[in-house]
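The values are calculated or read from the model by the stated rules, or taken from the named source; none is laboratory data. On a predicted model such as this, the values are computed, not experimentally measured, just so you know. No Cβ is skipped: glycine too gets one built from the backbone with ideal geometry, and neighbour counts run over all protein chains shown.
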Amino acid sequence: MNFPNCGIDLTRPRVMGVLNVTPDSFSDGGRFNSLDTAIEQAEAMVRAGASFIDVGGESTRPGATPVSLTEELDRVCPVVELIKRNLDIVVSVDTSTPEVMVEAVAAGAGLINDVRALQREGAMNTAINLGVPVCLMHMQGVPETMQDNPHYDSVVDVVEDYLLTCSNQLVNGGFDRSKIIIDPGFGFGKTLSHNLQLLNAVDRFSGHGYPVLVGVSRKSMIGSILNKPVDERMIGSVAAATIAAYKGASILRVHDVEETVDAMSVVQALLEE
């Protein structure tokens, strides 16, 4: 896939490192919300083998409340600019807000990663005008209430239909189909059973020709399976990422970059055999 000033081969699984510049993210809230700590973490993820760094300024964990436009801009844009100035890496901006998309891309972001699949007013037209690759994710409901008894008749069918519909809207608006990534949205309005069904169907999603991004790192689905707190979910997260990659996921969005990069090397060796 072509990103500004570089191309990345997504026929082999790649790792996206998570960099939350928020005080309230579920796993690492508050750890990297200064410029010094953010660039140190970004440098560490690049050394560990990340192909992308995903910078987010609004927590979308279950129960999270929205932030103001000014606050999100102030959190995200200086970090994006600093990373691009110092590191040779594709920076992804994790946002649903059109104004943040514009400013982040101007600062050097090469991928828009939107948990709301460009459904906020003006977001789709903004993405079309900017022209950088986008990742469209499925979410049932909103972060404040999305885990309040989520229900689907068939979670795989519903998520698949939603992602294809959003992708078609984007293409019909003039966006380059080869720049679209899709994400089933693990943990965003899903029970453990829903998440496991989606993980088992990654090959079905990848069969539509779009690269698939999977983000399960340290999430509650891993905690429910292991009965362990956030800081003890690394091995379970890497196991789930390995399954996803073997089933065709192109990008694994993770907190534990080095461990996941090693796992992806094993997956790739097997796929090439």
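For region 133-162, the tally of residues that are outside any loop (DSSP other than H, G, I, E, B) and farther than 20 Å from VAL93 by Cβ stands at 8. Of everything listed in (1) polar (S, T, N, Q); (2) surrounded by 22 or more Cβ atoms within 10 Å (Cβ to Cβ); (3) out of contact with any Ser or Thr (no Cβ under 6 Å at 6 or more places or on another chain); (4) closer than 23 Å to PRO133 by Cα, the single unmet condition for THR260 is (4). Screening the candidates LEU213, LEU198, LEU192 for the property of being farther than 17 Å from PHE52 by Cβ, surrounded by 18 or more Cβ atoms within 10 Å (Cβ to Cβ) and modelled with pLDDT of 95 or more yields one hit, LEU198. Scanning region 85-104 for residues that are over 13 Å from ASP114 (Cβ atoms), free of Cβ contacts under 8 Å to residues at least 40 places away in the same chain and touching a strand residue (DSSP E or B) at 6+ places or on another chain (Cβ under 6 Å) returns a single hit, VAL91. Comparison of GLY173, GLY207 shows that the only residue that is modelled with pLDDT of 95 or more and under 22 Å from ASP9 (Cα atoms) is GLY207. A count restricted to region 158-180 and to residues that are among the hydrophobic types (A, V, I, L, M, F, W, C), closer than 21 Å to GLY110 by Cα and surrounded by fewer than 17 Cβ atoms within 10 Å (Cβ to Cβ) stands at 1. For region 14-36, the set of residues classified as surrounded by 15 or more Cβ atoms within 10 Å (Cβ to Cβ) and modelled with pLDDT of 70 or more consists of ARG14, VAL15, MET16, GLY17, VAL18, LEU19, ASN20, VAL21, THR22, listed by residue number.
On the stretch given as region 66-108, residues that are hydroxyl-bearing (Ser, Thr, Tyr), in a loop (DSSP other than H, G, I, E, B) and more than 19 Å from the chain's Cα centre (by Cα) total 1. Within region 1-19, being of a type outside the set (Lys, Arg), closer than 12 Å to MET264 by Cβ and assigned to a strand (DSSP E or B) holds for VAL15, MET16. Residues satisfying the criterion are present in region 220-241 (criterion: surrounded by 15 or more Cβ atoms within 10 Å (Cβ to Cβ), in contact with a Pro (Cβ under 8 Å, 6 or more places away or on another chain) and touching a residue at least 40 places away in the same chain (Cβ under 8 Å)).
For the condition surrounded by fewer than 20 Cβ atoms within 10 Å (Cβ to Cβ) and either of a type in the set (Gly, Ala, Ser) or in contact with a Pro (Cβ under 7 Å, 6 or more places away or on another chain) (or both), SER68 qualifies. Does ASP183 satisfy the criteria of being surrounded by fewer than 23 Cβ atoms within 10 Å (Cβ to Cβ) and either in contact with a Leu (Cβ under 7 Å, 6 or more places away or on another chain) or under 18 Å from MET139 (Cβ atoms) (or both)? For ASP183, the condition - surrounded by fewer than 23 Cβ atoms within 10 Å (Cβ to Cβ) and either in contact with a Leu (Cβ under 7 Å, 6 or more places away or on another chain) or under 18 Å from MET139 (Cβ atoms) (or both) - is not met.
Count of region 72-116 residues, restricted to those that are small (Gly, Ala, Ser) and crowded, with 22+ Cβ neighbours inside 10 Å, is 5.
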